[in-house]
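Accompanying notes for the structure given below.
Throughout, read-outs are computed from the coordinates displayed, never taken from laboratory work. Predicted model only: the values in this text are computed from it and were never measured. FYI the Cβ positions are ideal-geometry reconstructions off the backbone, even for glycines, and counts take in every protein chain you see.
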Amino acid sequence: MINKIDFKAKNLTSNAGLFLLLENAKSNGIFDFIENDLVFDNDSTNKIKMNHIKTMLCGHFIGIDKLERLKLLQNDPLVNEFDKGPGVC
């Protein structure tokens, strides 16, 4: 029986290495594409789209199966604050 697993890699979080996932998405230009090419008619939707998309991406990666858990992840500081720049919410 396995009681404990020790991880030795850098930048792992309690949510299965989400930082590495977000860094990979950033380096592949996914967030630039979302910010510049995915435009909604509603201005308020455009302001919140990045956080929602990052939340969905991370939620799918770690296997979230319930809406309540996705809402908790949406408020996670890593997802919320990752790569905030001018015009990015």
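Worth a mention:
- Spin-label pair residue 47/residue 71, simplified geometry with 7 Å Cα→Cβ offset, distance in nm: 2.2
- In the stretch 44-84, a dipole from Cβ-located charges (positive for Lys and Arg, negative for Asp and Glu) runs towards its positive end, and of 80, 48, 67 it is 48 whose Cα lies farthest in that direction.
- Relative to the Cα centre, the charge distribution of the stretch 44-84, modelled as +1 at Lys and Arg Cβ and -1 at Asp and Glu Cβ, gives a dipole magnitude of about 160 debye.
- Stretching residue 60 away from residue 19 to a fully extended chain increases their span by 13.3 nm, per 0.36 nm per residue minus the current alpha-carbon distance.
- Count of lysine pairs in the stretch 44-84 with Cα separation under 19 Å (8 or more residues apart, or interchain): 7
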